[in-house]
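These notes are about the structure you will find just below.
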Amino acid sequence: MAVGLALAITRSITRPLAILVERLDRLQAGPIADLGSGMEAMADGDLTVDLHPETPTIEHVSRDELGRASGSFNEIARRTAETVETYRRMRARLTDLLGRVSASTSTVSAASQQMASTSEEAGEVARAARAVAGEGVTAAEQADEAMRAVRESTGAITDAIGGLAAKSEQIGG
């Protein structure tokens with residue numbers, strides 16, 4: 001009977017602990033690593049890296065120490081998913097902004113070609129090109145501002161990832 005009780009107690013500890021360690025490993029190897037790679041790519045000007053947070057939470061969280069650790073894991077996983085969603089929104093906004101800068105550049109190019117083709121309309125086209133160039137400068141300044149924000153966000157997210165990884169290490173031992 002004592003052996004059966006000891007076996008039951010051991011299983012009540014090892015099963016939740018095994019689930020916690022498995023989820024920590026999945027979180028660290030998946031969303032946290034992917035977020036780091038995505039931010040590095042973005043810092044290098046690559047906006048093609050898309051992320052998908054896919055770490056399931058731990059259900060049936062108990063009130064003991066393992067339950068509290070599991071609850072902490074669930075919070076870390078939730079915050080990581082929020083950070084990934086923030087990355088995705090920032091990536092979409094930057095892609096849109098760069099598209100507008102590209103469109104402005106095309107408009108400036110078309111205006112320049114039109115100026116060269118007709119000397120009679122040169123004054124009018126020059127004013128239009130100047131206005132379009134001003135829009136291009138504004139768009140370029142916005143892009144520069146956005147990239148500056150990306151660099152700042154990259155640092156903050158990298159720090160957050162480091163903190164999450166350290167918490168994962170502490171929890172996973």
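Bear in mind these aren't lab numbers, they're just calculated from the coordinates by the rules spelled out. Given the structure is predicted, the values throughout are model-derived calculations rather than measurements. Methodologically, a virtual Cβ is constructed for each residue, glycine included, from the backbone with ideal geometry; neighbour enumeration extends over all protein chains shown.
Annotations for the structure displayed:
- Hey, I13 in a helix (DSSP H, G or I), surrounded by 12 or more Cβ atoms within 10 Å (Cβ to Cβ) and β-branched (V, I, T) or not: yes
- Looking only at segment 40-61, residues that are farther than 30 Å from R151 by Cα and surrounded by 13 or more Cβ atoms within 10 Å (Cβ to Cβ) come to 3 in all.
- Which numbered condition R23 fails, given (1) out of contact with any helix residue (DSSP H, G or I) (no Cβ under 9 Å at 6 or more places or on another chain); (2) surrounded by 12 or more Cβ atoms within 10 Å (Cβ to Cβ); (3) basic (K, R): (1)
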